[in-house]
Amino acid sequence: MVSSHSFAAASVATAGATDPQTPLVVLLHGRGSHEREILALADHLPTGPAYAAVRAGGLLLSDPERFAGAAILYGTLPFDAGVPVTPGGLAGRSVFVAQGEQDTVIPRELLDRTWNYILGDSGASVRARRDPGGHGISGQTLAELGFWLQEVAG
């Protein structure tokens, strides 16, 4: 199938298992970050899966059937990238979303729009948390992310 969306060539960084039969966890960085930086999270997540961090945009929204789930950590969906944000668009997908209540890096309206879509119209099975801090992953969020990954990778 040919997508009507054009994305730049992916840049990939990997960690963890190398067996192609193990579950693959794909980490997508956000604004102000890059694939090598977010891959450092793999050191704090469950052992067993393979981890890949890619430089990409709205992959989950453009082709949700390719993914068992997605974690949106202190970021937003790429609403302005032309990918579909339709009611039920993530039905059957598992999504972990975490945000900082005092985040000043990402505009609040984009954070709220992401939160509202994921927990509302998306149709996804959601685990969500808002931390009192800003734009940084808390230890509690990292722990919950690990539990969520174990459930999804099952």
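Coordinate-derived values only; no laboratory data. For clarity, every value in this text was computed on a predicted model and none was experimentally measured. We place every Cβ from the backbone using ideal geometry, glycine too, and count neighbours over all the protein chains shown.
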Lys and Arg at +1, Asp and Glu at -1: neighbours of Arg108 with Cβ under 13 Å from its Cβ sum to -2
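Stretched out fully, how many nm does the piece from Thr104 to Arg66 gain, at 0.36 nm a residue minus the Cα gap? If you can, show how the numbers build up before the last one.
Details: separation 38, 0.36 × 38 = 13.68 nm, distance 3.21 nm.
Additional length available on full extension: 10.5 nm.
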In whole percents, the bins of 5 Å from zero upward hold the Cα-Cα pairs of the chain as 2, 9, 18, 23, 23, 17, 7, 1, 0
Cβ-Cβ cut-off under 13 Å around Tyr117, Lys and Arg +1, Asp and Glu -1: the net charge is -1
For Gly69, the residues 5 or more places away or on another chain with a placed amide H closer than 5 Å to its own amide H are Ser94
So Asp80 and Ala143, fully extended at 0.36 nm per residue minus their Cα-Cα distance, gain in nm 19.6 nm
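Relative to the Cα centre, what is the charge dipole magnitude of the chain, using +1 at the beta carbon of each Lys and Arg, -1 at the beta carbon of each Asp and Glu, and rounding to the nearest 20 debye? Working shown, then result.
Numbers: 10 positive and 15 negative charges, 17 e Å.
Rounded to the nearest 20 debye, it is 80 debye.
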Neighbours of Arg129 by Cβ distance under 12 Å: Lys/Arg at +1, Asp/Glu at -1, summed charge -1
Over the chain, the sum of -39500 (n - 2.57) across DSSP H runs of at least four, divided by residue number and rounded to 500 deg cm²/dmol, gives at 222 nm -6500 deg cm²/dmol
Under the 7 Å Cα-to-Cβ spin-label approximation, Gln21 and Ser33 lie apart by a distance in nanometres of 3.2 nm
Full extension between Val12 and Ala40 adds, at 0.36 nm per residue less the Cα distance, a length in nm of 8.8 nm
If amide H atoms are modeled at 1.01 Å from N in the peptide plane, then the residues at a separation of 5 or more from Val126, or on another chain, having amide H under 5 Å from its own are Val95
